[in-house]
Each structure stands twice: as structure tokens, then as C-alpha cells.
1. When ranked by the protection proxy of mean other Cβ atoms within 10 Å per residue, highest first, what sequence do the peptides 316-325, 389-398 form?
2. Apply 1/(1 + (r/R0)^6) to the Cβ-Cβ distance of A322 and V430, taking R0 = 56 Å, and write down the FRET efficiency to the nearest 0.05.
3. Report, in deg cm²/dmol and to the nearest 500, the calculated mean residue ellipticity at 222 nm for the chain, where each DSSP H run with n ≥ 4 adds -39500 (n - 2.57) and the sum is divided by the residue count.
4. Hey, got the Cα dimensions of segment 181-294 along the principal axes, in Å, largest first?
5. Using 0.36 nm per residue of separation minus the Cα-Cα distance, give me the extension gain between A371 and D171 in nm, one decimal.
6. Just to be sure I understand the rule: take each whole DSSP H helix in the chain, project its Cα atoms onto its long axis, keep it if the span is 18 Å or more and its mean Kyte-Doolittle hydropathy is at least 1.0. Which ones pass?
7. Against the 2.2 N^0.38 Å scaling, with N counting residues, where does the chain land? I'd like the Cα-based Rg ratio to two decimal places.
8. R0 = 51 Å: FRET efficiency of L204 with E138, Cβ-based, nearest 0.05?
Amino acid sequence: MSSSTLAASPDLSTAPSAWRTWRPRLWQAGACLAFWAEVRLFTDLRNYYGPEVSPAVFCLTSILLGLFVLLYWLEDDTALPTTPSARRYDVLLLAVVLGGVVLALKQGPIIDSIAIDLKSSDVIPILQTYVSRFRTGEVVYKYIYFSYPLFPNHLPMQWLPYVLADRAGVDYRWWGLMTLIVVGFGAYQWTLIRWVANWGELLLKAALPAFLFWWIIDHDPHLYGETIETTIIAYYCLLAAAVLSRSPVLQAVALVCCLLSRYSVVLWVPLYMLILWFAAGKRHAVTVALLTLVGIVGIYVWPFLSKDWTIFGHALREYKIATVGEWQRENHLFNGVGFAGWFLKNTSGTILEKINLMQKVHLGLSGVVVALCGALCWRLRRRVDHRVLALITLKWYLVVFYAFLQIPYTYLTSLVVFMSPFVLLVLPFVRRAVRPVAVAAPV
């Protein structure tokens, strides 16, 4: 072969480095597209692929969002966040205020147009009963009698915040909306200014929660019209922010709020404790665990459960009774966000047997997800910041948990979507000129 031929030959050794240069951009684009697809499949494209396929596609996009962010972190060694020299609390306050105004203008007329009616939904009347009993010193956890008997199945952090609302004469739905804006979105903005230094990226991501809420309500105006799920979403936003923080107190407070309200996160908590144990240090993990235990005992066990140790089990049985009723009427089972309709139509046995089967699958799959996430976290513990790993595993766990709820109410599943802005928050849009520190070092 001539020397001229050799000179003209391409240097193939540069190809891998070029591909590696572009891969982080590919993962960024994939994460953004997965987020947009998730939002669309929850709103205007809900049930687009039919009631059996749509839940699977929705779950897939939610999982892909976390996967693409994780792949980015594995590629880009400059992704570790820095703390800006200026805290930019002005941006935080402005984002919360403007976002609050936008959401109030959007959701306010909807709240005012929907009267609280027991015939339409018993959620708020039940909470009002809890609050009334608590304020007058009655036993809270005893049967409620509407046109039907009902045993209370709401944990304290679902109704205790509304004691102040009741005392002030504020509509519970307005109180929940303000809780979401101040606590939930406030926690997001507080986290954002600590993780993002670039002004353009900061402003873009600051608008994300308000835009997401506006988009959801624009396509489903009555989603939060008769519920207080906004408070639960606020708790889980606080948890996501706490996971990305280094504060054991904040982490414990967030865990208490979640475990004593919509306790979906219960199977993920042991994994999170292990992540903290190995990454943040034994002392940190023990502190979080003890503070969480103290909160649960002080808010629920001592004042309520210790008076009647059967109330929690009784509440679970009440939920199953409600589930049987919803399955008999086929309400909310084919809304495109959960697999309950598939179990109703494609499994054999009585309705109760089908529900029992789905509960076993629900518990089993949730446990499998936790185990797989634990193995992944251990494998990647020295390559990815433990806070990012914890957040992504939380997102994945909630996706599976809510997909297999026996009654997949749409407003419940919306919580999964509101975890996505936090996942995008840890995806840098602008590369940083810093090297990561050892992620396994105590914090």
C-alpha cells in the first residue's frame, strides 16, 4: 500500500471519542422528550392507546425519564452540582409568587364553581368530620355515618393541616393549593438555586412546576376540584427536595409527612436508609431514622393509635370494601394510568379474588423494584451522587406503585408526574467546569 493511500485513510480511533462527546446530549434530549411524553400521556393523550396499553406506555415514559438522567450522570463527570456564590433568593421568591398567582388564577375559579357535595365526593366531608371531632375533643377514629357507615382511613397528616383552615374559615381546596405553592413548589425552587448556577437554565427550570400544574388543569379542570391531593403532592415535593439536600432534619420531616399521609413510600424508605448509611454516613442515617420514628410516634401512635390499636387494620379493611364497590361499578379502572382494569377483565375468579391477586402483584412488584434499585445503587455508588440515585429510585418506585393501585384515581397518579421536575432539575443543561468529589464520602 502506498504512502499516499495511508495518508488518505481516516483515523478511526477518533470515532469513539466523538460518539462519547455526543452521548450526554442524546441523554439530555431523551430525558426532555420522555418528560414531555409523560405529561402528554397523562393529559391530552391519556388513554390514547386504549385502557390496557396506555398505562404501560405511560409507565415506560416515566421510567425512561429517570433512565436518561442516570445515563447522563454516568457520561458527564462535570455534572456534580455546585453552590452558587449568590444564593439568589430573589429568584426563589419571584418564582414562588408568580407561580402562585398563575395557579390561583387558573385553579381559583374552578374551586369556586364546584360546591362541596357529599353525593359527588366524600373526600372533603370526611376530612371536615375529622377536623370537627379533633377541635371538639372527640375521638377522631370512629365510624362516620353519612347515608352509609364509614370507618376513617386517613392518616393524621392528611387532615391535621386543615385544622387551621377550618379555624380560619378557608376552603380546604384553597388551603391545599396554597400548601402546594408554598411548601411543594417552594421546596423545588429552594433546591433549584442550590443545584443550578446558569441563569438561563435557572429561569427555565424555575417555571417548570407552575407550567406543569397549569397544563394538567387546562386539560382536566376538575382533577383537584373535589380533593385535597395538592397537599399530598406538596409533601412528596418536600421529600424530593429533602432527598437532594444534606439536612437530616429536613429528610426526617419530609418522611414523616409522607408516611403519615399517603404512605405509598413505605417500601422505599428502607432502601433510602441504606443509601444514607453507606453514602452519607451511619450517624446521618441513624439521625434521620430516629427523628422519623419520633415524628410518627408523636403525631400518630401516641395520640391516636395507642388509644385503639385496631384502627389501622380497620382502615385497611375499609379501603378493600371501597375497592370492591369501585370494581363492581367499574369506576376509574379504565382511565389509562393504572392496570386495575386489566386485572378486572383478564383474570379469573370473583371480584374479591381478582382484587386480592392484584394486591399480591402490587406488593411483589414494588418489592422487586426496591430490590433492583438497591442493587443498582450499590453498583453505581462510586460513580453517581447518592442523592441523584435516591431521587431516581424514588421516581421509579412511585411509578410502579401507583400503576398497580387497586383504584387508580387519576388525581392520585398525578403525584408521579410532579416528581418529574425534580428529576429534570438534576439534569444539567449546561456543562460545568468542575470535577466531582467522591460521592461515597460522608456528608
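What follows draws every value from the coordinates through simple rules; no lab data is involved. Since we're looking at a predicted model, the values are computed, not measured. No Cβ is skipped: glycine too gets one built from the backbone with ideal geometry, and neighbour counts run over all protein chains shown.
1. 389-398, 316-325
2. Between A322 and V430 the formula returns 0.70.
3. So the helix-based figure for the chain works out to -20500 deg cm²/dmol.
4. Between the extreme Cα coordinates on each principal axis of segment 181-294 lie 45, 38, 20 Å.
5. 67.8 nm
6. Correct list, ordered by number: 54-75, 89-113, 229-243, 282-296, 351-379, 386-403.
7. Taking the Cα Rg and dividing by 2.2 N^0.38 Å, one obtains 1.05.
8. 0.55
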